[in-house]
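First the structure, in the form of structure tokens, and then the observations on it.
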Amino acid sequence: MVTPLHIALEAPECPGSMPPHELRSRTGKVLGLLAILGLGFVLLTFLLGQMPPAFMGHQMRPEEGFIRRHSPGGEAARQEDSCRLVLVESVPQDLPFATGSPYAQPLAQAWLQLLDTAQESVHVASYYWSLTGPDIGINDSSSQPGEALLQEMKQLLVRNISLAVVTSSPTPARMSTDLQVLAAHGAQVRQVSLRRFTGGVLHSKFWVVDGKHIYVGSANMDWRSLTQVKELGAIIYNCSRLAQDLDKTFQTYWVLGAPQAVLPRTWPQNFSSHISRFHPLQSFFDGVPTSAYFSASPPKLCPYGRTWDLDTLLAVMHGAQEFIYASVMEYFPTTRFTHPARYWPTLDNALRAAAFNKGVHVRLLVSCWLHTDPTMFPYLRSLQAFSNPSAGISVDVKVFIVPVGNHSNIPFSRVNHSKFMVTEKAAYIGTSNWSKDYFSSTSGVGLVVSQKTPSTQSGVTPVQEQLRRLFERDWSSRYAVSLDGQAPGQDCVWQS
């Protein structure tokens, strides 16, 4: 049972509730009134358990609430957890790395395996869907993995496994075919017009399977994400506590996708998270002591206890003592989708502070492709210019260019779409680009994992070390181009 004291000390983690300094100042008062408030809290908890949650005076109808879970629950499920994490990635066709380079499990293979494990339910959040070549008018053999995935999802429904999907609205008509097909086979589909509630879009990308398996990463439900775009993510198997926690974020989208939905002033108690930056899941992943939690954006979609994704990134940066390596598609210390644009140096300042104050080695790898906004380069050069090796300040910036080759017929492809960061202490895998809008108005999630290798398991490689090796593979490859004006590829088209 959560006491009033716990409520005071375990404050809501996203902005918009109560500032931390106020919480600390009120802790003494809470202690003094604990006896009285304890009885009142018990009564209030009982009453809330009997009442349907209210949304700003609007009673939530049954179909607006949690969709049916087909997952193990309670203490028995927790005792059966034996969590296992696998890094997954897509490496675009015709993008060879040096012989002996490390690789993660191919994403297309991992997704099919994850569907094979499904026994009761699959919940998918994705910005959009485009799993077949005809969706975008393309006839190319590289669309086959996406089409196979769509067939497997149809088979889920044949096997009487429930499939629930949330996606952003509006969706281009040509990209809604997949969802129409799945809905015709019995899938539950909700499109969320997040602009009405927060001013952004639903940009998250994750799965929750049977309430115990998870995928999270940069890939949308797009065949190009499997063969034409560079992606990175993680799959966590048999980890019901984390999976059911992430599913609460799925449920926030599900509620907002209901007809006539209203954003609640305060999210009902059953959306609250008990796993956060300050209270991560402490478990063993394949026998390795592991700390893990999920964060979310924007603040309005952070129920009680959920860590805001921006705070997560800043915390991981602040914890670094040796290095910060980050790979993102876009890097703008500004707003991107508001006019006029506003300066927003939060993440930029954090990188500079880590390099200047603690001598942390910062490496930033940013994507460069046909659709790159050239106004990004002055910000990258400014960050690069901050480096001063003679003073112990090390900041390096490169752009990653995926060669187009003979794939020029495929639109919006041939790009490094990954969004991750790694330090010597933690791995962060996210779904957001690095500009203000992605954290203040657009939905996203982040996964933070930190592992320690027991001395008795010297053969086990912590996930942060695995992710560091993948970053260094990319950084040292011929596709990573320095920012000096003489380097080939500055026009974001690969020059062989």
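Taking amide H atoms as placed 1.01 Å from N in the peptide plane, the amide H of Trp267 lies under 5 Å from those of Tyr304, each 5 or more residues away in sequence or on another chain. Normalising the average separation of contacting C-alpha pairs (under 8 angstrom, six or more residues apart) by the number of residues puts the relative contact order of the stretch 370-423 at 23 percent. Residue-wise HN-Hα couplings along the stretch 441-446, as the Karplus relation 6.51 cos²θ - 1.76 cosθ + 1.60 with θ = phi - 60° gives them from phi, are 9, 9, 6, x, 9, x Hz; Gly and Pro carry x. Normalising by residue count, the stretch 348-431 has a Cα convex hull of 117 Å³ per residue. Rounded to two decimals, what ratio of Rg to Rh does the stretch 284-430 give with C-alpha atoms and a Kirkwood Rh? My calculation of the ratio gives 1.00. Solvent-accessible area assigned to carbon and sulfur over the stretch 313-429 amounts to 58 percent, based on a 1.4 Å probe. Please report how far the C-alpha centroid of the stretch 282-301 lies from that of the stretch 394-464, rounded to the nearest whole angstrom. Result: 16 Å between the Cα centres. The relative contact order of the stretch 191-285, computed from alpha carbon pairs under 8 Å that lie at least 6 residues apart in sequence, is 26 percent. For the stretch 281-374, the antiparallel share of DSSP beta bridges with both residues in that region comes to about 45%. Comparing Gly146, His123, Ile136 along the charge dipole axis of the stretch 97-213, the residue lying farthest to the positive side is His123, per the Cβ-charge model.
Amide H contacts for Ala426 (H built 1.01 Å from N in the peptide plane; partners 5 or more residues away or on another chain; cut-off under 5 Å): none found.
The solvent-accessible area of Val158, taken with every protein chain present and a 1.4 Å probe, is close to 100 Å². Rounded to the nearest 0.05, what FRET efficiency is calculated for Gln155 and Gln105 with R0 set to 30 Å and r the Cβ-Cβ distance? The computed FRET efficiency comes out at 0.85. The mean sequence distance of close C-alpha pairs (under 8 Å, at least 6 residues apart), as a share of the length of the stretch 291-409, puts its relative contact order at 22 percent. Residue separation of Ser476 and Phe412 scaled by 0.36 nm, minus their Cα-Cα distance, works out to 20.5 nm of gained length. For the stretch 373-390, 3J(HN,Hα) computed residue by residue from phi via the Karplus equation (6.51, -1.76, 1.60; θ = phi - 60°) reads 6, x, 5, 6, 5, x, 5, 5, 5, 4, 5, 4, 5, 5, 5, 8, x, 5 Hz, glycine and proline entered as x. The charge dipole of the stretch 200-297, taken about its Cα centre with unit charges on the Cβ of Lys, Arg, Asp and Glu (plus for the first two, minus for the last two), comes to roughly 220 debye.
In the distance distribution for the stretch 199-338, Cα-Cα pairs more than 24 Å apart total 39 percent. Between His339 and Ser82, the C-beta separation translates, for a Förster distance of 41 Å, into a calculated FRET efficiency of about 0.25.
Near the amide H of Lys436, within less than 5 Å, lie the amide hydrogens of Thr334, Thr335, Arg336, all on another chain or at least 5 residues away, with H placed in the peptide plane. Under the convention that each Lys and Arg Cβ holds +1 and each Asp and Glu Cβ holds -1, the size of the dipole of the stretch 291-387 around its Cα centre is about 120 debye. In summary, the lysines within cross-link reach of Lys452, defined as a Cα separation below 29 angstrom excluding same-chain residues under 8 places away, comprise Lys205, Lys212, Lys230, Lys248, Lys358, Lys419, Lys425. Scaled against the 2.2 N^0.38 Å expected of a compact globular protein of N residues, the Cα radius of gyration of the stretch 178-241 reads 1.33.
On the basis of the beta-carbon distance and an R0 of 25 Å, Ser291 and Arg469 show a calculated FRET efficiency of 0.75.
The values are calculated or read from the model by the stated rules, or taken from the named source; none is laboratory data. Since the structure is predicted, the reported quantities are computational estimates derived from the model, not experimental observations. Heads up, the Cβs are rebuilt from the backbone with ideal geometry, glycines too, and the neighbour counts pull from every protein chain shown. Areas reflect the complete protein model, heavy atoms only, side chains present, ligands, DNA and RNA absent. Shrake-Rupley method; radii C 1.70, N 1.55, O 1.52, S 1.80 Å.
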